[in-house]
Amino acid sequence: MRKILFYLLLFKKAVYLFIYPLFTGAKWLKPIRLGMENYLIFQPAKLRAQKVDKFLLKKFIPQRFITKDNAKLYAWYFPPKENKPVILFFHGQAESILAHQNVAKLCLDNGLGLFLLSYRGHYKSWGLPSERGVYIDAQTAIEKLNELGVCTDNIILWGHSLGTTVAVETAKNNNVKALILQSPIKDIKSAAIDISKFYFKKMRMYMLRTIAGHLIRGCKFIQKFDNVSKISKIKSPILIMHSKADKIAPYYNSMALANENEAAELFLSKKGNHWLNEWCFDKVLEFIGKL
């Protein structure tokens, strides 16, 4: 049943994509375009819901806080041991913090702190997600960690997939300890092309795949989620990681981003895929150990 609902959702998104160009004329259509973009970009993970691991239930401290534009946010906070850094984690599209409970176990096993942020409109957080909105959420999470006694220069930002755009924007505006990008996208347009190719091919809709690619290339999206133009501005140490088997976001995304910042360390793995992340855990610990 979930699979059927998932493909119905994909079909609805495809319809939105095909009619989007009809709303790119007059300025008064901008709010409609933004609404359509947010529907296409964000997909709170109701169809991929997971249970909370009982082991973690007594390990994290729930955080509820409000942004400057009145979005009510939720997060899990795992305090660090001694003076170890805290990871502020940004999940990807069609995910929630529940999808990264293994990151929590990794941090617990190694004494690292962790702040798993749930964006507005996602798991237990209220509000409508947008590019501007999730950037505000991330900055508010930094401020919340400061309130909890964690200095900004002891925070490591870790973003996955679409969450890498949130991590890059936040790193650009804050003097953080380091930045980790896992399976990053370059920008929202290239990501839309990659995702449409993958799912239309999976459904054997080759003609629609070609048409969608042409449509997306011609679209002038209001929201950019542009990692390529921002990553060169980041002064913090950077680790960029990608699985060569990733079929959602191709690994040459990471190669392109690494080329934009000479200080970035690039790690390409033959193991793993887009959704799993155990393949990069050893590299993450190695990177943090050298900071």
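Output the number of residues of segment 233-276 satisfying the condition of being among the aromatic types (Phe, Trp, Tyr) and at pLDDT below 95. Write out each step before concluding.
Looking only at segment 233-276, we keep the residues that are among the aromatic types (Phe, Trp, Tyr), and these are 251-252, 267, 275.
Imposing the further condition that a residue be at pLDDT below 95 reduces the set to 275.
Total satisfying the criteria: 1.
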**Message:** Can you tell me which residue is farthest from the chain's Cα centre (by Cα) among those in segment 236-259 that are in a helix (DSSP H, G or I) and surrounded by fewer than 16 Cβ atoms within 10 Å (Cβ to Cβ)?
**Reply:** ASN259
**Request:** Examine segment 85-94 for a residue that is among the β-branched types (Val, Ile, Thr) and farther than 22 Å from GLY289 by Cβ, and state whether such a residue exists.
**Result:** no
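For segment 84-187, give me every one of the strands (runs of 3 or more DSSP E) that falls completely inside it and has 2 or more residues that are in contact (Cβ under 8 Å) with a residue 60 or more places away in the chain and among the aliphatic types (A, V, I, L, M).
The qualifying strands (runs of 3 or more DSSP E) are 86-90, 155-160, 178-182.
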**Message:** So if I check each of GLU286, GLU262, GLU278, which one is touching a Lys or Arg at 6+ places or on another chain (Cβ under 9 Å) and either loosely packed, with under 14 Cβ neighbours inside 10 Å or not assigned by TED's automatic domain parsing to the domain that holds GLY159 (or both)?
**Reply:** GLU278
**Asked** Counting only residues that are within 23 Å of the chain's Cα centre (by Cα), among the hydroxyl-bearing types (Ser, Thr, Tyr) and modelled with pLDDT of 75 or more, how many does segment 1-24 have?
**Response** 1
**Prompt:** Among THR210, THR170, THR165, which is under 30 Å from PHE11 (Cα atoms) and at pLDDT 95 or above?
**Reply:** THR165
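The values are calculated or read from the model by the stated rules, or taken from the named source; none is laboratory data. Predicted model only: the values in this text are computed from it and were never measured. Positions of Cβ are backbone-derived with ideal geometry, glycine not excepted, and every protein chain shown enters the neighbour counts.
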